[in-house]
1. Could you point to the residue in Val302, Phe74, Pro101 farthest towards the positive end of the chain's charge dipole, with +1 and -1 charges on the Cβ of Lys/Arg and Asp/Glu respectively?
2. Could you pull the Cα extents of the chain along its three principal axes, largest to smallest, in whole Å?
3. Hey, can you list the DSSP H helices of the chain whose Cα span along the axis is 27 Å or longer and whose average Kyte-Doolittle score is at least -0.5?
4. Once you charge only the Cβ atoms, +1 for Lys and Arg and -1 for Asp and Glu, what is the size of the charge dipole of the chain about its Cα centre, to the nearest 20 debye?
5. Among 212-224, 246-258, how do they line up from the highest to the lowest mean number of other beta-carbon atoms within 10 Å?
6. Any idea of the accessible area per residue across the chain, 1.4 Å probe, to the nearest Å²?
7. Once you charge only the Cβ atoms, +1 for Lys and Arg and -1 for Asp and Glu, what is the size of the charge dipole of segment 197-335 about its Cα centre, to the nearest 20 debye?
8. At 0.36 nm per residue, minus the direct Cα-Cα distance, what do Asp54 and Arg263 gain on full extension? Give it in nm, one decimal, please.
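The values are calculated or read from the model by the stated rules, or taken from the named source; none is laboratory data. Everything numeric in this text was worked out from a predicted model, so none of it was measured. Every residue, glycine among them, receives a Cβ derived from its backbone with ideal geometry; neighbour counts consider all protein chains shown. Ligands, DNA and RNA are excluded from the accessible area calculation, which covers all protein heavy atoms including side chains. Shrake-Rupley method; radii C 1.70, N 1.55, O 1.52, S 1.80 Å.
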Amino acid sequence: MANGLDDVVAAETVLSDVDGAGGHLTIRGHSLTELAGHWRYGQVVRLLFDGFFDELPGDGELEKAIGSARVEVFERLQPMLAELPALEIYSGMRAGIALLPDGDSLADSLRLIVAPAVLTPALLRLGRGEKPVPPDARADHANDMLRMLSGTASPALAKALDTYLVTVCDHGLNASTFATRVVASTQAGLTSAILAGLGALKGPLHGGAPGPVIEMLDAIEASGDAAAWLRNEIARGERIMGFGHRIYRVRDPRADVLKAVVRRLGTRYKTGSRLAYAETVEQAALEVLKVAKPQRSIETNVEFYTALLLEAAGFPKEAFSNVFAAGRVAGWIAHAREQQATGRLIRPQSRYVGPVPDLVA
Ligand code: COA
C-alpha cells in the first residue's frame, strides 16, 4: 500500500530486526529476552553505539559519562525550566531538547540520550509546584530518573524501569526511527534528527498509545462490561489502544517481557490491583477484535503493558510517551549515525494525481 510504505525496505541496518511472523525482536545479534532484565540501559546504549563513534569507552566508562551528561543537561537547561511547564509535558520536553547543541559528536549524543530522562521528572515536579531534584551522576540511569521524579527510587521499580528502557530501545524502521533517519540523511545535526523522531513518536498510532490505554481501562471498569464497551468503540470506528501492529502478525514479544515485569512488581504498587483486571480486558479485546476484524490478525502490542508498568513507576499517563522517548532515543541516535555514514539523502518520489495545468491558455 503506497500510503503506508508497507513492505518497502528503506534502509539496511545492523541495529535491530523485527520478525513479525515469528514474534521475535533481535537487537544487534541479541534476542530481546537476552537483553531485557539482564543488561542495564547504559550497556545497551553502548551496544547500539558500537562502531558509530570513534573511541567509544567501555560499559562502565560510558555509564559514568551518561551520569555526567545528566548533570550537564540539568545545569544547562535549568535557567529555562521554569518556562516549560506551561506546555503539555511532551511538548515541554521537546522544547527543552531543542535547546541542546545540534552536533554529531558522542558528547552531543549523550546529552540527547539523557535529556528526556532529566527533563521529564523536572517538568513534572515544576508542574506540581515542587522544586526539581538534581541528577546524581553516580546513580544508575533508571534509578536516577525515578529519584528525580519522587526523591527516592525503590530498587524494584528502578529495575522495572531499566527493563522497560531496554525493551523499547530500538525496533527496526518504525515511524519515529524512519523520521529520524530522513532528517539525519540531510546531514542536519543529531538534535534536529531526534526532534523529528520525537514528533513522530507523539502520535497515538505510535508512541502515544499507552496513556490512552489507562483511559480505556478506567472507562471499561466504569462501564462494567468490557466486551460491550470494546464492541461499541470498534462500531464507532475507534481503534483499541495497545492492540495491533504493522509488522507483528503474532503477539508483540515486548508485551510479554513487560507483563512479566509488572507481575514481578506484585501488589505493592498501584498497578498490582490493575494487572488481573487488565488481563481480563486484554482477553476480551482479543476476542472482540477477532470477530470484528477477521481479515486482520490483531494482537496485544508493547503499549498495553507499558501503561501498567509506567503507572506503577509513578509516572502520570500524560508523561508515558516521554518515558518511551527516554528509551527509544538510543535507537534513534544509532540509526541517525548509521544513516549519516551512508552519505545518501533519503528522497523518495511521489506520484502526482492532481489536476494538470491548462497548457493551451
Ligand atoms: N483496533 C481496532 N481495529 C484495528 C486496530 C485496533 N487496535 N488495529 C488495526 N485495526 C484494523 C483497522 O481498523 C483496519 O480495519 P479495516 O480493514 O476494517 O479498515 C485493519 O485493522 C488494518 O488497519 P491498518 O491501519 O492498515 O493496520 P496497521 O497494521 O497499519 O496498524 C497500528 C497498525 C499500530 C496503526 C494499529 O494497529 C493501531 O492503530 N493500533 C492502536 C494504536 C496502538 O496501539 N499503537 C501502538 C503501536 S505499537
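1. Selected residue: Val302.
2. 72, 53, 43
3. Values: long enough: 59-81 (32 Å, -0.20); 106-127 (31 Å, 1.32); 272-292 (30 Å, 0.35); 320-342 (33 Å, 0.00).
Flagged H segments are 59-81, 106-127, 272-292, 320-342.
4. On the way: 38 positive and 42 negative charges, 94 e Å.
Once rounded to the nearest 20, the dipole reads 460 debye.
5. Details: 212-224: 16.5, 246-258: 20.2.
Listed from highest to lowest mean packing, they are 246-258, 212-224.
6. Numbers: 16300 Å² over 361 residues.
I get 45 Å² per residue for the chain.
7. Numbers: 19 positive and 15 negative charges, 85 e Å.
Magnitude of the dipole: close to 400 debye.
8. Details: separation 209, 0.36 × 209 = 75.24 nm, distance 4.09 nm.
Once the chain is fully extended between Asp54 and Arg263, it gains 71.1 nm.
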